[in-house]
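The values are calculated or read from the model by the stated rules, or taken from the named source; none is laboratory data. All values derive from a computational prediction rather than experimental measurement. Methodologically, a virtual Cβ is constructed for each residue, glycine included, from the backbone with ideal geometry; neighbour enumeration extends over all protein chains shown. For the accessible areas, the whole protein counts, side chains as well, though only heavy atoms, and no ligand, DNA or RNA atoms are used. Shrake-Rupley method; radii C 1.70, N 1.55, O 1.52, S 1.80 Å.
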Amino acid sequence: MKEMTIFDLIEEDNSGAAGEKEFARMKELVKTLNEAAFAYYVEDREIMSNFEYDKLYDELTALEKSTGTVLPDSPTKSAGAGYRAVSKLTKSTHEYPALSLDKTKDRYSLSGWLGGMDGVLSWKLDGLTVVLTYEHGKLEKAVTRGNGFTGEDVTHNVVHFGGVPRVIGFRGKLIIRGEAVMKYADFAKVNRLLPETEAKYKNPRNLASATVRLLDSREAAGRPVTVCAFDLVYIDDPSAIRGSNSKNAQLEWLEKQGFTVVPHVLVTPLTVLSELENFERALPDNEFPTDGLVLILDDEAYGRSLGSTGKFPRSGIAFKWQDETVESVIRHVEWSASRTGLLNPVAVFDPVEIEGTTVSRASVHNVSIARGLKLGEGSRVSVYKANLIIPQIAETVESTGETYVPEKCPVCGAPTSIRENDGIETLYCDDPDCPAKHVGRFTHFVSRDAINIVGLSEATLETFIDAGFIRRFADLYRLERFRDEIVTLDGFGEKSYENLAAAVEASRNVRFSALLNAVGIPGIGKDMAKQISRYLGENAYDRFTREISEKIDFSVIDGVGAVINDNIYAWSGNEEKYAEFTELAGELNISDDVSAMQAAAADSGIAGKTFVITGGLNGFENRDQLVAFIEARGGKVSGSISSKTDYLINNDVNSGSGKNKKAKELGVPIISEADFMALCGE
Ligand SMILES: [Zn+2]
């Protein structure tokens, strides 16, 4: 085979003096990068990490420099890579191209970059850029950035977003750019509320971007998106702004017009570094997702006079945090199940210290990415924290083999299946009864009448389940293992963690009936659990487990029928479920309902009395609270009035309600809350 020479290449591609190897590599890089950019910007899906993208991009740039060759469709040539707008939205051409900025990771270069001038330093928000045009004081048009030259008309949605005034005081023509973003907390909320059938979004940027481009603006209006203005592109009457040549003055003027403006600060070459550090300190508490910082020259005319480097305007630069990468060794890949049956791969590696915290786990997103990384046990990987926050695997330094993808669900053992969507493969558990799917199970478990973990919301539970922190009830009492990860979760911090940990600790002291209610045996709610607990008497937990092992018939208990008895044995006969229960019990200090009640009842005036409650309450927050109060003192509460009723509690003592009439007929005293408290001696 004849080897191609450099001259053959030039003839064939007319693309400059690249060696064959370099040329092939460049071609490959261009293709890969363009595919990734198209997926990322246009289709809202991520087929490679930002880290990987940047790395390949840098490699391509270096090759282009060393060979003096730039391929026709190289992403380094166009602002935002070779993609175009798709979908049914109307295309719209930008009057002023929306170019992207050159970037640096070197904070010490920023002072010199300013060249003695002042600059404006701001967050680089991570969402979707939209260009807003105002005329006669009204929002005329909102267009996505698209490829920088042509975007999509999304006016119908943008008018509903926060930060976008529909009418402004300025009556001339105004064009601004803003970033449509969603707060981390709102992201979690919206994602959770999406129907099961809809794909969940991976990060706030995906969700904000998808929302901006929805076809139905009613749907968009229901989602909390904010547009943060970051650049004034054009104003037909600059004299409207005092000091209009200053980018900082422009942003302040936009704020007065009613726009939400990106947080920013005026800097000098002397202050830029310390201001950058201020942003850095604020990063963990930032409610909006960011992707670094932007530094632009404050003097607009001067900035414009510098022109552009072909692709990047010279008037601004983006700063990205240098990701500190640390090497570690893969222990295994864990597949944690979520409510939808989706199994999320999490790489577990030897704990390493990055940016001040210990990290030992990182999501590897889906089967495609997990397989691509080849994370065999013992593989050496480099790990970093994206935006200093979220642990990620940067790359596999040395692989020992393929990533383990389980054929059976790690939670329930049912067969798994791989589903493909848009070229991305994901793993699912196919069993509809997979316990991992039962967020509802945990929601009930932590509720007030059950184990009662105050402040642990369904959203948090779902996050914990998705992340693999909890699978079995007892896992809630071992959250300490994941402390470092939990404190970095969206909407979580040290304080929330401490609160949660305290609530979990408090829940260890539990009545047997609450525990029995919590574990979710079909048909056994809080009332049935109390019946059983009372029957069991002292040392209720020990007696319960003993009776089960001796196959005692529970239907002898008042109110417990054959069905409930069968349910108890079906549940305890399921080894996994019963083991979960006994494992949980090992974490708890279980007290008896009976002894506590007897003690309280001994000196209460209502022991053995039966009450019916009707109407609104004043002193008690709700009826459940009053019921609990009565029961704790040895009294009983019934739903309807009969000859066995001792008192009807009704604050409207003289009302003509049905219950009052019935009480009068049967000679049952009607008492108010205050009378009741007096009766109790309290
Ligand atoms: Zn399963």
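Summary table
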item: Over 26 Å between alpha carbons, listed pairs Lys551/Lys636; Lys189/Lys320; Lys138/Lys256; Lys31/Lys247; result: Lys551/Lys636; Lys189/Lys320; Lys31/Lys247
item: Asp592 accessible area, assembled protein chains, probe 1.4 Å, Å²; result: 20
item: Enclosed volume per residue, in Å³, of the convex hull spanned by Cα atoms of the range 515-641; result: 130
item: Cα-based Rg of the range 288-331 normalised by 2.2 N^0.38 Å, two decimals; result: 1.82
item: 0 to 90° range, to nearest 10: angle between helix 50-67 axis and the chain longest Cα axis; result: 10
item: Normalised contact order of the chain, rounded percent, pairs of Cα under 8 Å and 6 or more residues apart; result: 8
item: Residue-normalised accessible area of the range 336-490, expressed per residue, 1.4 Å probe, Å²; result: 42
item: Mean shadow area of the range 438-530, taken as a quarter of the surface of its Cα convex hull (nm²); result: 5.5
item: Cys residues of the chain counted as unpaired, since no other Cys beta-carbon is under 4.7 Å; result: Cys228, Cys680
item: 222 nm mean residue ellipticity, helices alone, for the chain (DSSP H n ≥ 4; -39,500 (n - 2.57); rounded to 500); result: -10000 deg cm²/dmol
item: Debye, to nearest 20: dipole size of the range 510-596, +1 on Lys, Arg Cβ, -1 on Asp, Glu Cβ; result: 220
item: Total charge dipole magnitude, the range 438-507, about the Cα centre, Cβ charges on Lys, Arg, Asp, Glu only, Debye to nearest 20; result: 260
item: Accessible-area ranking of Arg314, Arg633, Arg534, largest first, probe 1.4 Å; result: Arg314, Arg534, Arg633
item: Accessible carbon and sulfur surface of the range 603-680 relative to its total accessible area, %, 1.4 Å; result: 48
item: Coil-residue chymotrypsin sites (Phe, Trp or Tyr not before Pro) of the range 620-656, DSSP, other Cβ within 10 Å capped at 13; result: none
item: Solvent exposure ordering (accessible area, 1.4 Å, most first) of Glu327, Glu334; result: Glu327, Glu334
item: Intensity falloff of the range 424-486 expressed as log10 I(q)/I(0), Debye formula with alpha-carbon point scatterers, at q = 0.12, 0.14, 0.17, 0.30 Å⁻¹; result: -0.33, -0.44, -0.63, -1.42
item: Hull volume in cubic angstrom per residue (convex hull over the Cα atoms of the range 529-586); result: 77
item: Farthest toward positive dipole pole in the range 91-319 [+1 Lys/Arg, -1 Asp/Glu at C-beta], among Pro284, Ser239, Thr150; result: Thr150
item: Cα-centre dipole for the chain with unit charges at Cβ (Lys and Arg positive, Asp and Glu negative), debye to 20; result: 1760
item: Heavy-atom accessible area order for Asp624, Asp186, Asp558, largest first, 1.4 Å probe; result: Asp558, Asp624, Asp186
item: Angle between the chain longest axis and helix 575-585 axis [Cα atoms, degrees, rounded to 10]; result: 80
item: Efficiency of FRET between Tyr578 and Asp350 - r from beta-carbon atoms, R0 35 angstrom, step 0.05; result: 0.50
item: Dimensionless Rg ratio for the range 603-680, taking C-alpha atoms and the 2.2 N^0.38 Å reference; result: 0.99
item: Alpha carbon convex hull of the range 210-276, projected area averaged over orientations, nm²; result: 6.9
item: Accessible area of Phe170 in the full protein assembly, 1.4 Å probe (Å², nearest 10); result: 20
item: Accessible-area composition of the range 438-507, carbon plus sulfur, in percent [1.4 Å probe]; result: 52
item: Between helix 526-536 and the chain: long-axis angle, C-alpha atoms, 0 to 90°, nearest 10; result: 50
item: Computed accessible area, Arg192, all protein chains, 1.4 angstrom probe, square angstrom; result: 70
item: Positive dipole terminus of the chain, leading residue within Ala370, Ser109, Ala570 (C-beta point charges); result: Ala570
item: Where only alpha carbons of the range 326-423 are counted, the Rg and the Dmax (Å); result: 13.6, 40
item: Cβ-based charge dipole, the range 438-507, positive-most Cα from Leu500, Tyr477, Ala459; result: Tyr477
item: Cα-based Rg / Dmax (Å) for the chain; result: 32.3, 112
